[in-house]
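Each remark here refers to the structure printed beneath this line.
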Amino acid sequence: MKAIIRAIEFVTTSTGYLAALVIVPLIVATCYEVFARYVFGAPTIWAFELGYTLMGVHFLLGGALALQRGAHVRIDLIYERLSPKRRALIDLLFYILLIVPCLYLLSERLIDYALEAYRSGERSGNSAWNPVIWPLRALIATSFVLLLLQVVAECLKAIRALTGHPRELVIVEERQ
């Protein structure tokens, strides 16, 4: 079980770090757009669309890493007062009954949505640049699949906590 958690969290961490690098082309495109617009008086036809696309990719691909690190917003009026085993039980129940089915259905539909855009050659239609849209849809689908995988890892960590094992991040464990 621990090997599965490690493998999933390695993928999550690697993808999260790659998502962080998406900020670099976002900054370059935004700076170029500002420079072209105000210095040359010639705005680009692609920078705005590229900017919100890259920001969306950055946000979505970082979701699994945020879950792994416990960085999502949680209202914990009662939760923090519970024992670690009760917290693990609540997490496991919510993950299995609510989050896994929703993420599975979303992932399945988003994969179909990306494949449909690829087959049809659909374009964004949001600017004069008008790029093909399937790469963005494929990244959206990938981000939900990665989030689903991380939820599976969180379920396994909750099961380990219910059986008396510590529940800290496996990746952090390896580095120590």
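The values are calculated or read from the model by the stated rules, or taken from the named source; none is laboratory data. In this text the structure is predicted, and so the values were computed from the model without any measurement. Note that each Cβ is placed from the backbone with ideal geometry, even for glycine, and that neighbours are counted across all protein chains shown. When the accessible area is computed, the model is the full protein with side chains, heavy atoms only, and any ligands, DNA or RNA have been set aside. Shrake-Rupley method; radii C 1.70, N 1.55, O 1.52, S 1.80 Å.
For Glu9, indicate whether it is farther than 28 Å from Thr163 by Cβ, among the charged types (D, E, K, R) and in contact with a helix residue (DSSP H, G or I) (Cβ under 8 Å, 6 or more places away or on another chain). For Glu9, the condition - farther than 28 Å from Thr163 by Cβ, among the charged types (D, E, K, R) and in contact with a helix residue (DSSP H, G or I) (Cβ under 8 Å, 6 or more places away or on another chain) - is not met. Against the conditions (1) assigned to a loop (DSSP other than H, G, I, E, B); (2) in contact with a helix residue (DSSP H, G or I) (Cβ under 8 Å, 6 or more places away or on another chain), Ala114 satisfies every one except (1).
Inclusion of Ser83 among residues that are modelled with pLDDT under 95 and not basic (Lys, Arg) is warranted. The residue of the range 117-126 that is nearest to Ile45 (Cα to Cα), among those that are open to solvent by 40 Å² or more (accessible area, probe 1.4 Å) and touching a helix residue (DSSP H, G or I) at 6+ places or on another chain (Cβ under 6 Å), is Asn126.
In the set (1) modelled with pLDDT under 95; (2) under 22 Å from the mean Cα position of the chain (by Cα); (3) of a type in the set (Lys, Arg), Arg109 fails one condition alone, (1). Cβ-Cβ distances below 9 Å connect the following pairs, each with a first residue in the range 132-159 that is outside any helix (DSSP H, G or I), a second residue that is modelled with pLDDT under 95 and hydroxyl-bearing (Ser, Thr, Tyr), and a separation of six or more residues or different chains: Val132/Ser124; Ile133/Ser124.
Residue check: is Leu148 open to solvent by less than 60 Å² (accessible area, probe 1.4 Å), under 24 Å from Gly16 (Cα atoms) and modelled with pLDDT under 95? It is false that Leu148 is open to solvent by less than 60 Å² (accessible area, probe 1.4 Å), under 24 Å from Gly16 (Cα atoms) and modelled with pLDDT under 95. The set of residues from the range 151-168 being open to solvent by less than 20 Å² (accessible area, probe 1.4 Å) and within 16 Å of Ala71 (Cβ to Cβ) comprises Val151, Ala153, Glu154, Lys157.
Set side by side, the residues Glu108, Glu122, Glu80 differ, and just one is out of contact with any Ser or Thr (no Cβ under 7 Å at 6 or more places or on another chain), closer than 20 Å to Thr12 by Cα and among the acidic types (Asp, Glu), which is Glu108.
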